[in-house]
Structure formats: C-alpha cells, structure tokens
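Note sheet for the following structure.
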Amino acid sequence: MTRDAVDQTLSKVPAVTLGFWVIKILATTLGETGADLFTQQYDMGYAAGIALFCAPLLVLVAAQIRAQAFHPALYWATILASTTAGTAMADFFDRSLGLGYAGGAAILAACVIGALVAWRMVLGTVSVASVANPRAEMFYWLTITFSQTLGTALGDWAADDGGLGYAGGAALFGGALAVLVLVWWRTGVSRVALFWAAFILTRPLGATVGDFLDKPLMQGGLNLGRDHATGVLIAAMALAIWLIPQKPGRAH
C-alpha cells in the first residue's frame, strides 16, 4: 500500500485531541440515557434493545469501513451506536443473565483484552494510527464496542454495588481520567496503552453521569427523565461536532 493510500485510509480516524474526548464523553453519556429510554422506560427489554441497537451499529461500521475519507458525522454516529448497543448488552449480561455487575465486568474485560491481543497478534500493533486497512478497522470497532459494553458494567458496579452512587461514581472515573492525563503529561508510559485506558474509562464516566441526570431524586439523580436528558444530550453532541474542529489522524 502506498503512503498516499495509507493516509487516505487513516483520514477516517480522527486525531486524538481534547475535542475528541469531549465528544466521546457526550456520546457515552447519550448512549446510556438513550439505551435506557428504550429498554427501560419504553419497556422494550434488553434482548430486544440489543437487536434494535446492533442493527444500525453493523450498518454504520460497514459504512465507516467503506468510506474513503474521514466524515465526522459518520464516525461519531458509529461511536454513538456502539455505546448505545454496549449499554443494552451490558445490562443484558448483568441483569437478564444474572451475572451481576462484577461478573459481567469481568467477562467483558476479558473480551476487551482478547480483542486487543488478537489485534496485536494479527497486525502487530493496536495503535489507532495503524488503522490503515479493513482488517485493522474491524479490530478497531470490535475493541471499541467491547470497551463501551465493559464501561457500562463498570459504571453500574461502582454506583450500585460499590455504594458510590451516581455522583460518586462520576467523581471516581473522572478522577481516574485526571490521573491518566497526569501520567501522560509527566511520564513516558505507552501512549497506546494510555489511549485505550482512557477510552474505556470515559464510558463508565458517561454511564454514571447519564444515570445521575435521569434517575429520580430518591435514587440520587437529578430526575430530568430519560427522554429530556436524551434530547439535551443529542443537541449538545451535535453542537460539539459542529463547533469543535475535526481533523483526521495521521500515521506515525
């Protein structure tokens, strides 16, 4: 593959900037409230929710892989689909299958590690800067979807089983992300490892923030309602995608 072809493929993956993380957190928060809106408030159930959300996820991943350039709306729609589907899948594992938050998180952590190990064994690296062909993109989106699912289970585990509540859980994961920023700034720890750690941690942060926004006051939330919270978050995410400069990542 020529250098120009590699750069063209890589342009579908956004550069990892502060704006990237802002939109990612909005997407994970929206994924929590949006999935819960259908599976819980509309009483669809988790299995039906998985079917509902995985269908557009598969279509969007295919469109993302077939795309010839980076399209912010397409990329973030795929991220949103993965976090919405991840929420429904995590709730199905934890609640419908009776695995509990800790059991579900353990299985999903193994899935994330397995995806990363397989990616590394097949292509030699798990850096997002190496996503230059359909095989790499398939590993990329598989790992992302598993990480989104794991993050939901971690958020529920901290807020419920951990006794932290939604605000406490958000503070815990927000603090963990702050530590990662400090490690990135002050040390030479692998940037690839830090990226995936941060990517995973933004999901439970979004999950706990989303629950904090929509849960009743007696459950430690702000009682905005899933429908209102989802509407506000859709507007906020769309505005962020429009206002925050979007640029493609580059090979290095």
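The values are calculated or read from the model by the stated rules, or taken from the named source; none is laboratory data. Here the structure is a predicted model, which means the values were calculated and not measured. For neighbour counting, all protein chains shown are included, and Cβ atoms are generated from backbone atoms with ideal geometry for every residue, glycine included.
Please name all residue pairs, on different chains or six or more residues apart, with Cβ atoms under 6 Å, provided the first residue is in segment 120-143 and is closer than 20 Å to residue 85 by Cβ and the second residue is among the small types (Gly, Ala, Ser) and part of a helix (DSSP H, G or I).
142/115; 143/115
From the list 156, 214, exactly one residue is charged (D, E, K, R), out of contact with any Leu (no Cβ under 9 Å at 6 or more places or on another chain) and under 25 Å from residue 49 (Cα atoms). Which is it?
From the options 156, 214, the qualifying one is 156.
Say we look at segment 93-132 and pick out the residues that are hydrophobic (A, V, I, L, M, F, W, C) and within 21 Å of residue 169 (Cα to Cα); which of these is farthest from the chain's Cα centre (by Cα)?
99
From the set of residues in segment 212-225 that are modelled with pLDDT under 90 and part of a helix (DSSP H, G or I), which is nearest to residue 144 (Cα to Cα)?
214
Does residue 65 satisfy being in contact (Cβ under 8 Å) with a residue 12 or more places away in the chain and within 29 Å of residue 248 (Cβ to Cβ)?
yes
Among (1) under 24 Å from residue 108 (Cβ atoms); (2) in contact with a helix residue (DSSP H, G or I) (Cβ under 7 Å, 6 or more places away or on another chain); (3) not in a helix (DSSP H, G or I), there is one condition residue 163 misses while meeting the rest; what is its number?
(2)
Can you go through 207, 229, 176, 240 and tell me which one is surrounded by fewer than 19 Cβ atoms within 10 Å (Cβ to Cβ), touching a helix residue (DSSP H, G or I) at 6+ places or on another chain (Cβ under 6 Å), assigned to a helix (DSSP H, G or I) and in contact (Cβ under 8 Å) with a residue 60 or more places away in the chain?
240
Can you tell me which residues in segment 62-72 are farther than 20 Å from residue 234 by Cα and either assigned to a helix (DSSP H, G or I) or touching a strand residue (DSSP E or B) at 6+ places or on another chain (Cβ under 8 Å) (or both)?
Listed by number, the residues that qualify are 62, 63, 64, 65, 66, 69, 70.
Could you check, for segment 73-92, whether at least one of its residues is of a type in the set (A, V, I, L, M), in contact (Cβ under 8 Å) with a residue 12 or more places away in the chain and not in a helix (DSSP H, G or I)?
no
If we scan segment 132-144, do we find a residue that is closer than 20 Å to residue 15 by Cβ and in a loop (DSSP other than H, G, I, E, B)?
yes
Looking at segment 4-22, can you tell me whether even one residue there is in contact with a Gly (Cβ under 9 Å, 6 or more places away or on another chain), modelled with pLDDT of 95 or more and buried (at least 16 other Cβ atoms within 10 Å of the Cβ)?
no
Which one of these is modelled with pLDDT of 90 or more and either closer than 20 Å to residue 211 by Cβ or loosely packed, with under 15 Cβ neighbours inside 10 Å (or both): 42, 101?
Testing whether each residue is modelled with pLDDT of 90 or more and either closer than 20 Å to residue 211 by Cβ or loosely packed, with under 15 Cβ neighbours inside 10 Å (or both) leaves just 42.
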